[in-house]
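These notes are about the structure you will find just below.
The values are calculated or read from the model by the stated rules, or taken from the named source; none is laboratory data. Keep in mind that what you see is a predicted model, and the values were worked out from it rather than measured. Note that we place each Cβ from the backbone using ideal geometry, even for glycine, and neighbour counts take in every protein chain shown. These area figures cover heavy atoms from the full protein model, side chains too; ligands, DNA and RNA do not enter into them. Shrake-Rupley method; radii C 1.70, N 1.55, O 1.52, S 1.80 Å.
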Amino acid sequence: MIQNKNILIGITGGIAAYKIPLLVRLLKQAGAHVQVICTESALQFVTAQTLSVLSENKVHSEFFDPETHLWNHHVNLGLWADAFIIAPAGSNTLAKMVQGQCDNLLLTTYLSARCPVWVAPAMDLDMYEQPGVKLNLETLKSRGVHVIDAEEGPLASGLSGKGRMAEPETLFQALNDYFAPPVTGWLGKKVLVTAGPTYEAIDPVRFIGNHSTGKMGICIAEALANLGAHVELVLGPTHLSVSENRYAGNIKTTRVKSAKEMLQVCKDLFVHCDGLIMSAAVADYTPEFVAPEKIKKSDERISLNLVKNPDILFELSTHREQHQFSVGFALETQNGEENALQKLHKKRLDAIVLNMVNENTGFQSETNKIVILDNSGKKIESDLKSKSDIAVYLLEHLNLILFKHENENRH
Ligand code: CTP
């Protein structure tokens, strides 16, 4: 529901700016809280008074408030927002967003915003076709920005073609759809999610680990909570944590270090859960002995004996109750589908999520691209998206795979 959501609107200079008061009104009517940032040139096309009356908030345009001389804290605006929409977004602003430039309050806010961001481009038809502009839009998309495509029609130049900003109703719909997920099988489910690496101690100061940050699993936990599920998140050692939004109360986090610890905690929690999504990057091997004191530098060469860790997913999945579902991940560098299918069958999963390691996917990346394989032979492949969008995409498809019958009975 968009009701009670905090929506930040950024307006740049362009004739379509005159339509934004209507967007503010639609959002307010739906019960959202609205704040507006205008660039200096936006204020040539729409007045701050109109926007502030409709949004019932002060309009921000400068780094310092000209009356109070107080600093307009762009970080606070970015943190306040549940969604940030930049409309109309001119080619200059799009290019600066790509490059990380920030010579106005709108851009600084964009750079520090943690919420999902939408842009609604508006420009003349030839500009919209320009390879540079197209590339900037593609780059923003690949970084997870939602692009609301421009529409065809008469343009301010007198020409006609594609470049008009999408109508305020379309912008409202895009935001509303984002916050109004369909009722799904996730509602009320209790789901065990694992995320992050495990650290296998060598001695009191060293460990074997991997580059996982746990971001993908945290995004899944947050998306589940948004869909009304209750999440038991078992998180390996990472600096990341669940963000403080209004659904965070639906997520209980238990922090663990080693694979053995993760197995124990998961076993205890899983009996109370409806299913499991195992995204943690569990270390396959652990040192046979943990040295009680720091190992001192001595010989030219030393060796470490490693023994196999328990396979948590296999243990839980093969001992689960009939009503419990089990979803695993497969991180591969080669023969992705073949390896993932083997894991799907060997670990007796309902579905497996394959992600390949490359520049834009896998560990320490903000984006991901997945293939979902289920045990009926179905294969679903996503585009490259931000990890939070991938989480939503994954849950939409798992909803169809896991709760097909429940959903049918509901309708
Ligand atoms: N997994 C697990 N316990 C382990 C290793 C992996 O629970 N000791 C889980 C992962 O969380 C993931 C799935 O098993 O959901 C597949 O993990 P992956 O590392 O891709 O494969 P492995 O089974 O470890 O096989 P390999 O490393 O040989 O590819």
Next on the checklist: Out of everything in region 264-297 that is touching a helix residue (DSSP H, G or I) at 6+ places or on another chain (Cβ under 7 Å) and farther than 24 Å from LYS190 by Cβ, what residue ends up being farthest from the ligand (Cβ to nearest atom)?
Outcome noted: THR286
Checklist outcome for this item: Given the conditions (1) away from the ligand (no atom under 12 Å from the Cβ); (2) open to solvent by 90 Å² or more (accessible area, probe 1.4 Å); (3) part of a helix (DSSP H, G or I), every one holds for LYS260 apart from (1)
Next on the checklist: Among the residues that make up region 304-312, is at least one of them within 10 Å of the ligand (Cβ to nearest atom), in the same structural domain as VAL327 (by TED's automatic domain parsing), open to solvent by less than 20 Å² (accessible area, probe 1.4 Å) and at pLDDT 95 or above?
Outcome noted: yes
Checklist entry - Within region 161-200, how many residues turn out to be modelled with pLDDT of 95 or more, open to solvent by 40 Å² or more (accessible area, probe 1.4 Å) and more than 30 Å from ASP126 (Cβ to Cβ)? => result 2
Next on the checklist: Anything in region 317-334 that is within 10 Å of the ligand (Cβ to nearest atom), of a type outside the set (A, V, I, L, M, F, W, C) and more than 16 Å from LEU192 (Cα to Cα)? List them, or say none.
Outcome noted: GLU332, THR333
Item to check | Residue count, region 342-364 (criterion: open to solvent by 60 Å² or more (accessible area, probe 1.4 Å) and in a loop (DSSP other than H, G, I, E, B)) | outcome: 6
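Of the residues THR68, THR50, only one is of a type in the set (Ser, Thr, Tyr) and either open to solvent by less than 70 Å² (accessible area, probe 1.4 Å) or under 29 Å from the mean Cα position of the chain (by Cα) (or both); which?
THR50
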Item to check | Leading residue by the ranking (most open to solvent (accessible area, probe 1.4 Å)) among those in region 324-340 that are of a type in the set (Asp, Glu) and in contact (Cβ under 8 Å) with a residue 24 or more places away in the chain | outcome: GLU337
Next on the checklist: Here is a check on your reading of the model: is ASN76 under 19 Å from GLU40 (Cβ atoms), part of a helix (DSSP H, G or I) and open to solvent by 20 Å² or more (accessible area, probe 1.4 Å)?
Outcome noted: no
Checklist entry - Which residues, taken from region 124-160, are farther than 21 Å from LYS369 by Cβ, modelled with pLDDT of 95 or more and among the hydrophobic types (A, V, I, L, M, F, W, C)? => result VAL133, ILE148, ALA150
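Output the residues belonging to region 93-123 that are more than 25 Å from the chain's Cα centre (by Cα) and buried (at least 17 other Cβ atoms within 10 Å of the Cβ).
Step one: of region 93-123, the residues more than 25 Å from the chain's Cα centre (by Cα) are 103-104, 122-123.
Within region 93-123, ASN104, ALA122, MET123 qualify.
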Checklist entry - Does region 224-242 contain any residue that is surrounded by fewer than 21 Cβ atoms within 10 Å (Cβ to Cβ), free of Cβ contacts under 8 Å to residues at least 24 places away in the same chain and away from the ligand (no atom under 12 Å from the Cβ)? => result yes
Checklist entry - Among the residues of region 348-363, is any farther than 24 Å from ILE218 by Cβ, over 24 Å from the mean Cα position of the chain (by Cα) and modelled with pLDDT of 95 or more? => result yes
Checklist outcome for this item: Note on region 375-391: residues part of a strand (DSSP E or B), within 18 Å of VAL357 (Cβ to Cβ) and in contact with a helix residue (DSSP H, G or I) (Cβ under 8 Å, 6 or more places away or on another chain) are LYS385
Checklist outcome for this item: All conditions in (1) touching a residue at least 40 places away in the same chain (Cβ under 8 Å); (2) within 21 Å of PRO197 (Cβ to Cβ) are true of PHE314 except (1)
Item to check | Options LYS343, LYS369, LYS296, LYS385; residue that is farther than 26 Å from ASP284 by Cβ and free of Cβ contacts under 8 Å to residues at least 24 places away in the same chain | outcome: LYS296
